[in-house]
Amino acid sequence: MENFIVKGNVSLSGNVKISGSKNAAVAVLPAVVLSRENVYLENLPDITDVRTMIEILENLGVSIRRRGRNALDLTPGNLSKIAPAYELVKKMRASYYFMGSLLARFGRAEVPIPGGCDLGPRPIDQHLKGFTALGADINIEHGMINMNADKLVGAHIYLDVVSIGATVNLVLAASAAEGRTVLENVAKEPEIVDLANFLNAMGAKIRGAGTDVIRIDGVKNFHGAAHAVIPDRIEAGTFMLAAAATGGNVMVEDVIPKHLEAITAKLRETGAKVEVEPERIRVKAPDPLSASDLKTFPYPGFPTDLQPPGMVLLTAAKGLSVITENVFDGRFNQVDELKRMGARIKVEGRTALVEGGTRLSGAPVTAHDLRSGAALIIAALMADGESRINAVEHVDRGYEKFEQKLIDLGASIKRRSEAGQEKLSTNQD
Ligand code: EPZ
């Protein structure tokens, strides 16, 4: 376990380059197993989840050559295994995307039931419903999901719940199913579009990604492709919210503003100034912010992954803000930690009442997942005095060089091991 020592009373200022999208990368990497030829991927974020995915691919038999920090050459030619290594898969939930891609490649897949995490229950009933509709026999025993399909056949599938994971998994499986698949009530996130673009570059026939209905005509063979992963809108939004929360002035670069419209709108509602250019956005908050209600929804709504940083911003906004978490049942694990820093927040089910205008004070707090970890670091930057953020390995899972990027914006952050000795960031070369 490692922790950050963070000095407070900081206003972030300067420019920050946004890395490639974690949630696009962890969907595109499992898709590589569909190809029989070389694949080149770039703009991959150098984060723990991507490194784990790379290990899983190598363990399956894909040979991988790093081309610089954020690019890979992958050769999936001699794939043989249908079961990604258990000890790797258990490290990250998104490894369950190998269910869809291995089923598409081999007609078989053996993947451990994904672990939960601190976001409340995370069922996979919609994934399994879709795989069954496509012709897979599913047997769950001893913690493993074993799937077999003599032949995957296109189907008309209506998702009961808008699910990014189920949409990714079913797009992967249906890409190789015989005939047409229609997926309805699917997730419309930019990461779904990015995956569809990559699969189509490999020869898939996918239409409608980014809308409620995706139509897929299955193909037998996938050829090689080159693909650059889209920028990480959640990382970008994290820095935008941090800039406003600390009364700073930050330019986030290498972003797609369209993907950040909900964050831009919410920031302007609180009184922050947001200047949008074609590939970068400047956020500044010279004056005190005002309260604003925040509701999370699937894209293009305000993303649930930015609800924890959004809550931290609202502790500094004068007045009462009501936060409604519509995506997960209980994604408020940052609240108790923020209350240790003096935040005045009351949680009732999926609603949190935030009494803004309170000055936070530095304290030892603990990250429970990567987004609440990022939120606590922002709170520590805003607070009076020094804070220690425990379990920062959560943050390393999804934010590339996070402390270095914040230091470059004027923060004072030191990474320490549990024993207390100072450590270089794990993200440094
Ligand atoms: C993805 O998780 C993201 N992960 C999460 O980001 C993100 O918080 C979440 O989508 C919501 O936006 C990746 O993209 C790797 P869902 P996922 O399936 O796919 C319910 C981060 O911080 N549901 O869209 O697991 C589910 O319980 C991570 O980067 C079912 O009921 O989320 C939830 O309430 C954290 N049955 C809702 O749907 C199912 O079969 C949305 O979940 C599947 C989901």
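The values are calculated or read from the model by the stated rules, or taken from the named source; none is laboratory data. In this text the structure is predicted, and so the values were computed from the model without any measurement. A quick note on method: Cβ atoms are made from the backbone with ideal geometry, for glycine too, and the neighbour counts reach across all protein chains shown.
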Q.
Going residue by residue through segment 367-388, is there one that turns out to be touching an Asp or Glu at 6+ places or on another chain (Cβ under 7 Å) and among the β-branched types (Val, Ile, Thr)?
A. no
Q. Could you say which residue among 41, 60, 29 is modelled with pLDDT under 95, of a type outside the set (Asp, Glu) and farther than 30 Å from residue 362 by Cβ?
A. 60
Q) Considering 23, 59, which residue is in contact with a helix residue (DSSP H, G or I) (Cβ under 8 Å, 6 or more places away or on another chain), of a type outside the set (A, V, I, L, M) and surrounded by fewer than 17 Cβ atoms within 10 Å (Cβ to Cβ)? A) 59
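Do we have residue 16 as part of a strand (DSSP E or B) and of a type outside the set (S, T, N, Q) here?
yes
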**Q.** Selection within segment 396-408 - within 15 Å of the ligand (Cβ to nearest atom) and touching a Lys or Arg at 6+ places or on another chain (Cβ under 9 Å)
**A.** 397, 398, 399, 400
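How about segment 83-148: which helices (runs of 4 or more DSSP H) wholly inside it have at least 3 residues that are in contact with a helix residue (DSSP H, G or I) (Cβ under 7 Å, 6 or more places away or on another chain)?
Output list reads 97-106, 125-133.
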Q) Among the listed residues 228, 201, 244, 166, which satisfies the condition of being crowded, with 24+ Cβ neighbours inside 10 Å, of a type in the set (Gly, Ala, Ser), away from the ligand (no atom under 16 Å from the Cβ) and in contact (Cβ under 8 Å) with a residue 24 or more places away in the chain? A) 244
(Q) For segment 169-198: of the residues being polar (S, T, N, Q) and surrounded by fewer than 22 Cβ atoms within 10 Å (Cβ to Cβ), which is nearest to the ligand (Cβ to nearest atom)? (A) 185
Q: Go through (1) crowded, with 17+ Cβ neighbours inside 10 Å; (2) of a type outside the set (S, T, N, Q); (3) under 18 Å from residue 347 (Cβ atoms) one by one and return the number of the condition residue 303 breaks.
A: (3)
Q. Looking only at segment 306-334, which residues are surrounded by fewer than 22 Cβ atoms within 10 Å (Cβ to Cβ) and under 27 Å from residue 287 (Cβ atoms)?
A. 318, 319, 320, 322, 324
Q) Can you tell me which residues in segment 321-376 are farther than 17 Å from residue 390 by Cβ and among the basic types (Lys, Arg)? A) 331, 344, 346, 350, 359
Q | So residue 77, is it in a loop (DSSP other than H, G, I, E, B) and without any contact (Cβ under 8 Å) to a residue 40 or more places away in the chain | A | no
Q.
I'm told residue 97 meets every condition in (1) surrounded by fewer than 19 Cβ atoms within 10 Å (Cβ to Cβ); (2) within 16 Å of the ligand (Cβ to nearest atom); (3) within 24 Å of residue 215 (Cβ to Cβ); (4) not aliphatic (A, V, I, L, M) except one. Can you identify the failing condition by its number?
A. (1)
Q) Pick from 398, 349, 362: which is under 25 Å from residue 321 (Cα atoms) and crowded, with 16+ Cβ neighbours inside 10 Å? A) 362
Q) Taking into account only those residues within segment 275-300 that are within 16 Å of the ligand (Cβ to nearest atom) and under 18 Å from residue 332 (Cβ atoms), which is surrounded by the fewest Cβ atoms within 10 Å (Cβ to Cβ)? A) 297
(Q) Can you tell me how many residues within segment 149-163 are more than 16 Å from the ligand (Cβ to nearest atom), buried (at least 16 other Cβ atoms within 10 Å of the Cβ) and not in a loop (DSSP other than H, G, I, E, B)? (A) 1
**Q.** Matching residues in segment 119-130 - criterion: being crowded, with 17+ Cβ neighbours inside 10 Å and either away from the ligand (no atom under 11 Å from the Cβ) or farther than 18 Å from residue 103 by Cα (or both)
**A.** 119
